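A.B. asks: Sending over a structure as structure tokens; questions will come in a sec.
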């Protein structure tokens with residue numbers, strides 16, 4: 001696909017006129033402006049942090065978050081009060097359910113037939129469950145969208161490491177491919193609503 005063409009019904013601007021490239025940060029604009037050979041994805045993997053959905057979930061959730069760090073339950077209980085204050089429920093899972101529904105709706109509106117799978121790093125539904133579900137459905141080339149827009153170990157690299165671990169642990173490495181969307185904190189579609197709200 002040469003710049004200035006189309007992918008389906010979507011026009012592709014040249015790098016010199018593409019508003020996304022023109023307004024991207026230097027780090028984001030440093031790569032290729034467009035994918036030259038589109039990847040035929042089978043599904044979208046919505047990847048998130050996860051959160052407890054009841055009082056009994058709080059400490060097990062915090063153990064998952066701090067796994068391998070040797071933090072005693074007494075210290076976790078000090079953090080748990082933030083969740084317990086709200087009935088042990090984090091809003092993140094409800095927000096992810098809404099986001100998944102919105103993505104599915106937008107894909108349908110655009111005539112794109114792609115399933116959306118949702119998996120979390122620290123609480124159910126877990127990433128391994130989502131990847132297994134995709135593989136069982138025959139969807140083996142996944143485009144992952146992490147719910148954190150920013151670039152840091154926890155919000156970017158750790159997701160890539162989790163994807164690799166999940167593929168190894170499930171025995172799906174070499175069968176399932178997961179490509180993660182780059183961080184999008186500087187994408188106009190993410191920034192503009194915040195600017196409009198100020």
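The values are calculated or read from the model by the stated rules, or taken from the named source; none is laboratory data. As the structure is a prediction and not an experimental result, all values here were calculated from the model. FYI the Cβ positions are ideal-geometry reconstructions off the backbone, even for glycines, and counts take in every protein chain you see.
A.B. asks: Within segment 158-178, which residues are farther than 13 Å from residue 127 by Cα and surrounded by fewer than 16 Cβ atoms within 10 Å (Cβ to Cβ)?
C.D. replies: Correct list: 171, 173, 174, 175.
A.B. asks: Looking at 155, 151, which one is touching a helix residue (DSSP H, G or I) at 6+ places or on another chain (Cβ under 9 Å), surrounded by 12 or more Cβ atoms within 10 Å (Cβ to Cβ) and at pLDDT below 90?
C.D. replies: So the residue among 155, 151 that is touching a helix residue (DSSP H, G or I) at 6+ places or on another chain (Cβ under 9 Å), surrounded by 12 or more Cβ atoms within 10 Å (Cβ to Cβ) and at pLDDT below 90 is 151.
A.B. asks: Is it the case that some residue within segment 179-189 is more than 17 Å from residue 122 (Cα to Cα), touching a strand residue (DSSP E or B) at 6+ places or on another chain (Cβ under 9 Å) and in a strand (DSSP E or B)?
C.D. replies: Within segment 179-189, one or more residues are more than 17 Å from residue 122 (Cα to Cα), touching a strand residue (DSSP E or B) at 6+ places or on another chain (Cβ under 9 Å) and in a strand (DSSP E or B).
A.B. asks: Scanning segment 118-127 for residues that are within 14 Å of the chain's Cα centre (by Cα) and not in a strand (DSSP E or B), which turns out surrounded by the most Cβ atoms within 10 Å (Cβ to Cβ)? Write out each step before concluding.
C.D. replies: Filtering segment 118-127 down to residues within 14 Å of the chain's Cα centre (by Cα) leaves 118-122, 125-127.
Add one more test, that the residue is not in a strand (DSSP E or B), and what stays is 121-122, 125, 127.
Working: 121: 19, 122: 22, 125: 16, 127: 27.
Per the stated criteria, the residue is 127.
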